[in-house]
Every structure is written in structure tokens, then in C-alpha cells.
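As C-alpha cells, the structure follows; a few thoughts come after it.
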Amino acid sequence: GAGAALRWCITAALCAAFLGLGMSIAVLGPTFPNLAANVGKNVSDIYYIFVGRSLGYLGGSVVGGVLFDCMNACLLLALSMVATTVGLYGIPWCKDSVLLTVLMSVIGGSMGVLDTGGNVLALNTWGAEAGPHMQALHFSFAVGAFVAPILAKMALGGSETKEIPVAEKTNQSDLKSVPTASAASAVPPLQDHPEEDFLWSYVVIGTYLFLVSLFLFVLYSKGSSDRDDKSTTSLQKGKLAKHHWALIGLLFTFFLFYVGAEVTYGSYVFTYAIVFAEMKENEAAALNSVFWGTFATCRGVAIFGAAFLYPGTMITLSLLASAVSSFALAFFAHYRALLWVGTAVYGASMATVFPSGISWVEQYTVVEGKSASLFVIGAALGEMCIPAVVGYLQGRFHHIPVVMYAAFLSSAMTVILFPVMYKLATSPRENDLKEVSDTETRKALLSNSRLTEDEEDEEDEQDGREWNEADFEVIEMNDKLKNSLTDSSHKISENSPAQVSLQPHLDDVLSNSPVVAGGSPQRQNGNVDWEKND
């Protein structure tokens, strides 16, 4: 009915929004040298714009988690996308590095709100059926990240660059302040690029996000509210894990390294290819697109793969492939073929980790707005810290491919953290232990009751046999007693006729002498007297 149609409309709007989110994040890598040239600085001097964007992303995640409980989700997401549009429109005309950092912070904040609110809204909208829809959201993000480099360098900025003289290449590689991810910004031919080569990519992405925000405004005007979905989802939630907050904290750290490695490689591989692999810009953009392309393809496949693979299995396979490919990139990237293959495998291995991580942890504990906010905050910290550290170290050690070693170390950390998280997640809860003990107690009581009933039956049978034997003894005794009393009465009647009147009394005694209550023989006082008389 109308409710199902509204839910599908919300999912479509979220997928479109995450498509724009992916483009907004990935467009920075190919246009980073142009941004540095636009503000008149060396790239190594403005690597802090990553920090500004990630700080905004972090703040947006926190504020979004709070505002999500206070206002309509569609309205909140629409406003955040309008803010992103404003920031994207302003970046190409920004001539000051400080103002550029501020705009990046605004974009990061609005994207943090979108990321947190989008994940929580998808969970609240679909409840237990949110798994495929979560994969679809992050698949849309990957598609946007794949399209952005093509949009920036091939489709809209496809003008050919001049060949870089060998001397200029040598001088470029000798600059200590040039980080791997952005060394191409020091190349003089960049001045031959018109400003429009990267300007229109930001304008197109901003316009797209504005159109999506209009769709969200329409959903808000239709009165869509997730309050009922929240109440329904809360009823479907399971119990907290025994180590709930420890598990959430480790997953926070896990996402920090994972997202940090993903954003770092996606942002720095372009100029790494130019400096260390000595590729042309079109080749470097193609290598960047290979990373995001395999990333997007595997996320699309994961939508169907989630139907027959457990989230834990998908995470394990992804981590193994990530470790192998990052090792090859760190130590054998000077081989051109291994660079291409390693980049493709590394992008594919990073595809399913985030959505599978949320689906995996939801199997063992409750995932609410606060938990989802912590996941996004961990991702924001990773996006802020790891690229900044890589840029700083590359400025200090410009002959070392720091980005490749950072990818390998991040993969190693995720491989170590996941088994620890699995151990905590599978620890039995106190309630489970209590239920097990109660079940064992009930079984013990039932077995004891059966034993008691069998014993009582045996006792009853034994008592019955004893009482029957007693009855026969009493009957025999009464027969003997009656015969003896009868003989005595005949003798008394012969000797003393006055005693004949006692015969009726004898009959009364004999009639009262057999078994009385429960078949037990009772000795009457009259019997004793007659025995004495006898």
C-alpha cells in the first residue's frame, strides 16, 4: 500500500543521496592539485584541508545523532544536502586557503549528518529487512566515488596536458615538502589547465545534490515520519550483548582504520601514480577509477551475496584479500602490472566491510542511533587522522611511498581486531546462562518427581500387600476367637442358666470385633473380659 510505497521512496532518496556523498568525497583526490594552484600554495601546505573536512564530518556525525531524535529525518537530510551544495558551489571560486578549509569543514559536517542519518533512517524504515537496503546505500556511495574521478579528469576536464620534461620530473621528486598524494601540484604544466577543468565538476555535483534535496523536501511535505518505524524496530530488537560497549568500542576502532585506509588510498593514489609510477594524468585518473570501480562493483555484488553468505564470512574474506593486496602494493608496486592488479583487488576487498560490519554486529547486540553515530564518528576520525598523518610523513620522507605502507598497516590492524570482536560478540550473555541453568533445574526437578512417583507407587503396592496379609490374619483370628467363645458360651449355659442372657451380648461383641478402620484389627475391652471369663 501507501506505506510500502513511501518506504521505497525513502530508500530511493537515500541511495541518490549516498551517490552524491560518494562523489563529494572522491572528487577531492583528482582536483587536489588544482585546488592548491587555485589558492596559490604548494600541496604540502594545504593537506590540512583533509583535517578540516574530517573535523566537520566528526561534528556533523555528533550533531546529526542528536538532531535525528528531535526532528524529521527527511527534513534534516534535505537541509544537510543544501549545505553541501552551497559548499561545493563556493570551492572553485575560493582563492584563500583558510576559506577553502572552512568550506571543506562545512561540506564535511553536512556529509556527516547525511551519513549518520541515512544509516539510521534505513534501519528504522526496514527493521529486520534492512540488510539488502544497507548494501544498496553503500553501493550507491561507491558508484558516486567511481564516477567522480571520471567526471573531474576525463569527462569534463579531458583536455590533454603537456609532457613534463625529465628535468622537471627530477626537480619535482626532489622537493621534500611534496607528499605522495599530491606531488603533481608542483608540476608547472598544471598552469596550462583552465580553471573550468575542475570548476564544472563541483558545480555538477552540487546541482545533483540540490535536486536530491528537493526530493527529500517533497517526502517531508507528504508527512513522512519515522516515529512508528522506530517503535516497531525497537520491539524487534534483541538483547544487549554481554560486552556491548566493549564491542561497540572495538568496532569504532575497526572502522577508524578501515575508512582511514579507504579514503587515504582513494585520495592519494592519483598523485602516487604520477610521482612514483611516472604515469600521465589520464592514466593516473584511470588507476584511481579502477580502485573505486572495483569498490563499487563488489558492493553491488554484495547486495545479492548477502542472501547466502553470513556477514562474518564476508568480512573474513574481505580482510584476507585486503591483507594480501596491500602487502603486494607496499613491497611490489614498482611492477606496473602488480600496481594495477593490487589496486583492483584492494578496492574490491574494501567494498563490503562497512555495511557487513553493521549487519554483523546487529546479530549479537542492539544497534541504535547512538551506536550508529559512534560508527560514523570512528569513520570520521579515520578519515581525518590517517590521511593527515600520511601527508605529514610523506612531506618528511618524500622518497618513501607512505600511502602504500599505511594501507598495509591498516589492513593488519583490521585483521587483528576482528577475531577479538568475534570473541566478545559470541560470549554468552548472563540471561542466556540463567535460562540454561533454569532449564537444567527444571529437567532435574522433573526427573526427581518421576523417581519420587515411582517410589511412591512401589510403597503403595508394598503397603497394599502388607494390609492384605494383615486382613487375612485378622479374619483367621476372628474365626478362632468366635469358635472359642461359642464353645465357652455352651459350657456356661450348661453350668449356669443365668448366664444365658449373655449370649446376645456375645453376638454384639463378635459383630464389633472385626477390622474397623482401614482393615486394621482393633482389640475391644469386651474381648479381653470374655477371655478372662473363658
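Residue pairs whose Cβ atoms lie under 8 Å apart, sitting 6 or more positions apart in sequence or on different chains, and linking a residue in segment 1-13 that is in contact (Cβ under 8 Å) with a residue 24 or more places away in the chain to a partner that is open to solvent by less than 50 Å² (accessible area, probe 1.4 Å) and among the aromatic types (F, W, Y), are R7/W126; T11/W126.
Here V345 passes the criteria (1) over 24 Å from G305 (Cβ atoms); (2) part of a helix (DSSP H, G or I); (3) open to solvent by 10 Å² or more (accessible area, probe 1.4 Å) except the one numbered (1).
Checked against the criterion of being within 14 Å of the chain's Cα centre (by Cα) and part of a helix (DSSP H, G or I), segment 327-336 has no qualifying residue. The numbered conditions (1) at pLDDT below 80; (2) open to solvent by 10 Å² or more (accessible area, probe 1.4 Å) are all true for L75 except (1). Looking across A388, A406, A412, A380, one residue alone is in the same structural domain as T343 (by the TED database), of a type in the set (G, A, S), open to solvent by 30 Å² or more (accessible area, probe 1.4 Å) and assigned to a helix (DSSP H, G or I). It is A412. Kindly evaluate V361 against the criterion of being more than 10 Å from the chain's Cα centre (by Cα), of a type outside the set (S, T, Y) and assigned to a helix (DSSP H, G or I). The answer is no for V361.
Just one of the listed residues (L250, L235, L190, L256) is at pLDDT below 65, closer than 30 Å to L424 by Cβ, out of contact with any strand residue (DSSP E or B) (no Cβ under 6 Å at 6 or more places or on another chain) and assigned to a helix (DSSP H, G or I), and it is L235.
Only a single criterion out of (1) in contact with a Phe, Trp or Tyr (Cβ under 9 Å, 6 or more places away or on another chain); (2) buried (at least 24 other Cβ atoms within 10 Å of the Cβ) is not satisfied by P92, namely (2). State whether one or more residues within segment 394-402 are open to solvent by less than 40 Å² (accessible area, probe 1.4 Å), closer than 21 Å to F254 by Cβ and not charged (D, E, K, R). The answer is no; no qualifying residue exists. Of the residues making up segment 20-32, not a single one is more than 13 Å from S110 (Cβ to Cβ), part of a helix (DSSP H, G or I) and open to solvent by 30 Å² or more (accessible area, probe 1.4 Å).
The values are calculated or read from the model by the stated rules, or taken from the named source; none is laboratory data. The model shown is predicted, which means the values in this text are computed figures rather than measured ones. Using ideal geometry, Cβ is built from the backbone for each residue, glycine included, and neighbour counts are taken over all protein chains shown. Areas reflect the complete protein model, heavy atoms only, side chains present, ligands, DNA and RNA absent. Shrake-Rupley method; radii C 1.70, N 1.55, O 1.52, S 1.80 Å.
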